[in-house]
Amino acid sequence: MEGKTIIILGVTAWNDIRQRPQHFAVMLARKNKVIYFNPIVSPFTVIQGKTKRGVFPKVFSSEGVIIIDPPLLCPFSNKIRLINKFNATIFSLFFRGMINEKIDILWVTSPIWADVVGNLKSNHIVFDCMDNYPEFFVGREKRNFENLEKKLVVCADVIITSSQELYSKIKERYNRSNDVFLILNGVEVENFLPAIKYDTPNIENPVIGFVGNIGAWVDLDLIEFLAIRNPQWDIRLIGPINQGIKYRSKMKNVKFIGPVNYYELASFMREFDIAIIPFKKNELTKYVNPVKIWEYLAAGKPVVSIGIPSPSPDHLCRTSENYEGFEANIKRFLSANSFSQEKITERVNFARDNSWEKRFEEIEIILSKMN
């Protein structure tokens, strides 16, 4: 597919943590015109410092993709559908002022854009469903997102899901038997190869590391459990701490590194001996396919997770049922022959078989079938 105009309505800002939408946008832009709209935010978000967005709309480019910051709009659109519809109307007017050409594909990454989609004309609508979105919220917000998700599913020509559980949910809950596809997350392998180290770790004082947003889905009680029972472990958490998360470990062996640029992650991850995914087990994490699994494996690290079905063999990523099992799995990797060149090569090769390039080949096949 080439020569198309593709509009991507983003779920995360372009310069935030690099995720699935940014990877696919860059690949689509190789042969197409791709315009990525950052999410709508309110003035309160900017004033409170929750986003680095400027006050005025902005247009810039990165890696062949045109990125647009839309105007600041009304707050509480997550909670109140009328506000979301009002924001959608204003955004649509702004959009038409910016885009005066035929849209071949409108690529949507979150139900929050559902009311916007109804106002725009495009040949095809693709919904890239990456999460069980309503489970990020409770009460009115959750019901609002359920309605928005339903609206988006109904109007989408093609739905791509990032996990087997999301694939099953979309097909069964919304009775979509056709044009629903499973495309797992992937990894830019070369970005993480510098994190590989072949020297045997200090088994007595290992570095246990996590990379990702530290939100409500991260089980900080598990981190505390591991730190208290294993004070000799150096536990490092890399990534931004989401608004509303108030946690300060009582243990000196837990370190919050903060956010790190995507292209600098490997230098921090190189110090990891074991990489962890300390998620809570709930209806949100049940549906995820964490990008970090693939990134950890590309970095040659053994992975221990909890609360999510692992897409990789158990000897590469051990899934745990409880805190004690999580701790035991870390110790098994530390005591086993987990750091040989053979094991590291196996992890990297598995990551290569699940690269973003491989995923994009599947995407191209799907898109080529659209008239």
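All of the numbers you see were taken from the coordinates with simple rules; none came from a lab. All values reported here derive from a predicted model rather than from experimental measurement. Note: ideal-geometry Cβ built from the backbone for every residue, glycine included; neighbour counts use all protein chains shown.
Packing around the peptides 71-81, 168-178, taken as the average count of other Cβ atoms within 10 Å per residue, puts them in this order, highest first: 71-81, 168-178. Taking only the alpha carbons of the chain, we obtain Rg and Dmax values of 21.0, 62 Å in that order. Among the listed pairs 52/85; 31/255; 121/358; 252/358; 58/301, those whose Cα-Cα separation exceeds 32 Å are 31/255; 252/358; 58/301.
Compared with the alpha-carbon gap, the fully stretched path from residue 59 to residue 101 is longer by 13.4 nm at 0.36 nm per residue.
Listed values for the range 138-147 are Karplus-derived 3J(HN,Hα) couplings in whole Hz (6.51 cos²θ - 1.76 cosθ + 1.60, θ = phi - 60°), namely 9, x, 4, 4, 5, 4, 4, 5, 4, 5, and x replaces Gly and Pro. For the range 116-123, putting each phi into the Karplus relation 6.51 cos²θ - 1.76 cosθ + 1.60 with θ = phi - 60° gives couplings of 5, 4, x, 9, 10, 9, 8, 5 Hz, in residue order, rounded to whole numbers and with x for Gly and Pro. Note on residue 225 and residue 203: with the Förster distance fixed at 22 Å, the Cβ-Cβ geometry gives a FRET efficiency of about 0.60.
For the pair the range 190-235 / the range 77-95, the C-alpha centres are spaced 41 Å from each other. Placing a label point 7 Å from the Cα of residue 280 along the Cα-to-Cβ direction, no residue of the range 67-83 has a backbone N closer than 17 Å. Picking from 311, 257, 287, whose Cα lies most toward the positive end of the charge dipole for the range 189-352 (charges on Cβ: Lys, Arg +1; Asp, Glu -1)? It is 257, whose Cα lies furthest towards the positive end.
A helix-only calculation puts the chain at -10000 deg cm²/dmol for mean residue ellipticity at 222 nm, using -39500 (n - 2.57) for each DSSP H run of at least four residues, averaged over all residues. What the phi angles of the range 181-193 give under the Karplus curve with 6.51, -1.76 and 1.60, with θ = phi - 60°, is a coupling list of 10, 9, 10, 5, 6, x, 8, 8, 3, 4, 5, 10, 4 Hz, glycine and proline written as x. Counting only Cβ charges, +1 for Lys and Arg and -1 for Asp and Glu, the dipole size of the chain around its Cα centre is about 1100 debye.
Amide H to amide H distances under 5 Å link residue 236 with 208, 209, 210, 255, where only residues 5 or more positions off or on other chains count and H is placed in the peptide plane. Taking 19 Å as the cut-off, the amide N atoms of the range 1-30 that come nearer than this to a point 7 Å along the Cα-to-beta-carbon line of residue 369 belong to 1-2. Mean-square fluctuations from a GNM of the chain, with a 10 angstrom spring cutoff on Cα atoms, peak among 240, 231, 70 at 231.
Spacing of the modelled spin labels on residue 177 and residue 257, each 7 Å from Cα toward Cβ, amounts to 4.9 nm. Relative to the longest principal axis of the Cα atoms of the chain, the long axis of helix 356-368 makes an angle of roughly 30 degrees.
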